[in-house]
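Here's the structure, in structure tokens; my notes come after.
Values in this text are rule-based calculations from the coordinates and carry no lab data. Predicted model, so just to flag it, every value in this text is computed and none were measured. Cβ: placed from backbone, ideal geometry, glycine included. Neighbour counts: every protein chain shown.
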Amino acid sequence: MMQKARSRLPPGAVPLLGSIVLMFFSVFTGVAIAPIAAEAAGRSSDAGLITGLFAATTVATQLWMPRMLSSRHSPRILHIAFVLLVLSNVPFVAWSESSALLFAGSAARGVGFGVTAVMASLLVVNLAEPSRRGEMMAYFGVAATIPGIAAPALGLYLQAAFGLAVPSVLSAVCAIGGLSIAVTLSLRTGEAQRAGGLLGALRGRSVLLPFLVSGAASAAFGGLISFVPLVLTGPGIESASLFFLGTGIWRALARWQSSRLADRRRPASLLTAGPLLAIPGAVALAAGSGAWFLVAAALLGIGIGIIQNISYLAMLDAVEPHSYGLIATLWNISLDGGVMVGALGLAMLEQAASLTAVLWSLALIFVAGAPLAAMAAGSAPAMSAETQP
């Protein structure tokens, strides 16, 4: 009976997670079709620029999130962000021939996502008792990962079959659904400001090291997204679509299991497993062929999944609750900023060297992250009685 009671989610968790799923589904659907729309309306180079604009506005918005979270109007800011996600689809439905309006829509999507992503990750951990924080992040990890697997594929299929309007309307409907749930929730974001702000929070090794590990893994993930489609061009097990499907499934499973385990152990002690598993996965991708690509997808998915959730839990474990808003902001910056920096940096490497150099550099990124993760485990605080199950 006690075990059954413990497994029950906190009040408000189910609608919050539902809103998060709809938010991510809306964003990933829109991001998938935006490059096609931009290329059709303008030049081929606009396809990359519109994705870059989305990433840049997302990170720029996240830099302002500590100030927004400290405002007594933060619930209203979340609602406005959902409205921006809805409106970001309007140019893709009504003015798809206008490059300027398509870019404006992508920027609006970036601002909306920057706000909703930070607030979602903060609201999830604020719902749970400290001893069940990992469990709530397990649910969050699945809620964030599954749309990333399904939404781009569905969006691209609908675009090919029916044109831009249908997936854009789907994206808008998902955002409206997320908003309709969000307005019913009792939102508790807490404080996000403290002396020194974001940079001040990074002065402690227990926060800085997981932040760097997360950023490195996200940079490698940005490289995977950008260059695996250029490498895996064959059918079946040598196709990029199967690779990303496998990576996504393993990433969701790793985020689920590692987060639940973090309720029984210090989160930072689990972080080293991420890069150690991802290193052979990256090597298998660079040097392998055939079935080795399935091995690469599994190891990279598990390694990145562990890093994504455990880095956040380790950073939260190192601060007091009044700083959770800063940590949620830093974590999201490490994810989205890391993907952006990795994609751009590895693109320059590919231009200067070769695609093979890019693939091997992915392994080197995880090699660099492994000692940082080990140092994070050594500098983490011991589990307190409050966080023990």
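State to the nearest 20 debye the size of the charge dipole of the stretch 194-382 about its Cα centre, where the only charges are +1 on K and R beta carbons and -1 on D and E beta carbons. Write out the running numbers ahead of the final one.
On the way: 9 positive and 6 negative charges, 102 e Å.
Dipole about the Cα centre, nearest 20: 480 debye.
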Of the DSSP H helices in the chain, those whose Cα atoms cover at least 27 Å axially and whose Kyte score averages -1.0 or more:
13-41, 99-127, 133-162, 205-231, 240-261, 292-317, 324-352, 355-379
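Let's test the formula: R0 of 30 Å, r as the Cβ-Cβ distance of TRP95 and ALA161. What FRET efficiency results, to the nearest 0.05? Write down the numbers at each step before the final one.
On the way: r = 22 Å, r/R0 = 0.72.
It comes out at approximately 0.90.
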In debye, nearest 20: dipole of the chain around its Cα centre with unit charges on the Cβ of K, R (+) and D, E (-)?
1020
Could you work out how much longer the chain between SER180 and ALA153 gets when fully extended? Use 0.36 nm per residue separation minus the Cα distance between them, nm to one decimal.
7.2 nm
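May I ask you to order 131-141, 8-18 by the average number of other C-beta atoms within 10 Å around their residues, highest value first? Please list the in-between numbers first.
On the way: 131-141: 23.3, 8-18: 15.3.
Taking the mean over residues of other Cβ atoms within 10 Å, the ranking is 131-141, 8-18.
Sort 148-161, 244-257 by the packing proxy (mean of other Cβ within 10 Å over each peptide's residues), most packed first. The partial results should precede the final answer.
Details: 148-161: 17.1, 244-257: 21.5.
The densest-packed peptide leads the list: 244-257, 148-161.
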Give the shape of the stretch 74-171 as rounded, prolate or oblate, defined through the alpha-carbon gyration tensor: a ≥ b ≥ c are the square roots of its eigenvalues, a/c under 1.5 means rounded, and otherwise the shape is prolate if a/b is larger than b/c and oblate if not.
oblate
Within the chain, helix-based [θ] at 222 nm, where runs of 4 or more DSSP H residues each add -39,500 (n - 2.57), nearest 500:
-27000 deg cm²/dmol
What do you get for Rg/Rh over the stretch 194-382 if you use C-alpha atoms and the Kirkwood form of Rh?
1.00
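Taking 8 Å as the Cα distance limit and 6 or more residues as the minimum spacing, I'd like the relative contact order of the chain as a percentage. Mind showing how you got there, number by number?
On the way: 679 pairs, mean separation 91.7, N = 389.
The normalised contact order for the chain reaches 24 percent.
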For the stretch 101-252, averaging the sequence separation of alpha carbon pairs under 8 Å that lie six or more residues apart and dividing by its residue count, the contact order in percent is 27
Per the 1/(1 + (r/R0)^6) rule, R0 = 35 Å and r from the Cβ atoms of SER289 and LEU49, FRET efficiency to 0.05 is 0.55
Can you report the principal axis dimensions of the chain using only the alpha carbons, biggest first, rounded to whole angstrom?
58, 48, 45
Normalised contact order of the stretch 12-192, rounded percent, pairs of Cα under 8 Å and 6 or more residues apart
43
With a point put 7 Å past each Cα toward its Cβ, work out how far SER354 is from GLN257 in nm, to one decimal.
3.6
Coil-residue trypsin sites (Lys or Arg not before Pro) of the stretch 41-127, DSSP, other Cβ within 10 Å capped at 16
ARG43, ARG72
Scaled radius of gyration (Cα, divided by 2.2 N^0.38 Å) that the stretch 12-192 gives:
1.02
